[in-house]
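Inspection log for the structure reproduced underneath, given as structure tokens.
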């Protein structure tokens with residue numbers, strides 16, 4: 001019940017990240033730092049918890065057992081390719097198709 005309450009007001013990106021929990025993701029941070037790890041947790045402000053982390057910046061590569069990434073530092077997240085079959089994305093695609101039909105110009 002607590003998880004459902006936490007999801008109230010969450011946008012599509014956060015919900016898609018929640019569906020990616022347990023999978024490997026790649027995150028680019030605002031200073032050009034690339035982080036790769038297994039997504040363990042997501043908050044509504046897009047804070048992420050990753051395990052088995054490899055972090056690469058311009059000078060070195062470091063490994064960490066676990067890190068927390070603040071959501072405001074994230075430029076983008078690459079999620080697993082299999083997420084394109086997510087029911088959430090299918091629902092979004094259906095809504096987009098409905099809206100496209102609605103706004104088509106009639107000749």
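The figures follow:
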| quantity | calculated |
| --- | --- |
| Radius ratio Rg over Rh of the range 58-107, counting only Cα atoms, Kirkwood formula for Rh | 1.25 |
| Separation in nanometres of the label points that stand 7 Å from Cα toward Cβ, at residue 40 and residue 68 | 1.2 nm |
| Calculated P(r) tail over 24 Å for the chain, as whole % of Cα pairs | 35 percent |
| Helix-only [θ]222 nm of the chain, DSSP H runs n ≥ 4, -39500 (n - 2.57) each, per residue, nearest 500 | -8500 deg cm²/dmol |
| Most to least packed among 63-71, 20-28 [average Cβ atoms within 10 Å] | 20-28, 63-71 |
| Gain upon complete extension [residue 90, residue 59; 0.36 nm per residue less C-alpha separation] | 7.1 nm |
| Fewest-first sequence of 34, 95 by Cβ atoms within 10 Å of each Cβ | 95, 34 |
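Since every read-out is calculated from the coordinates, none of them should be taken as a lab result. This is a predicted model, so every value here is computed, not measured. No Cβ is skipped: glycine too gets one built from the backbone with ideal geometry, and neighbour counts run over all protein chains shown.
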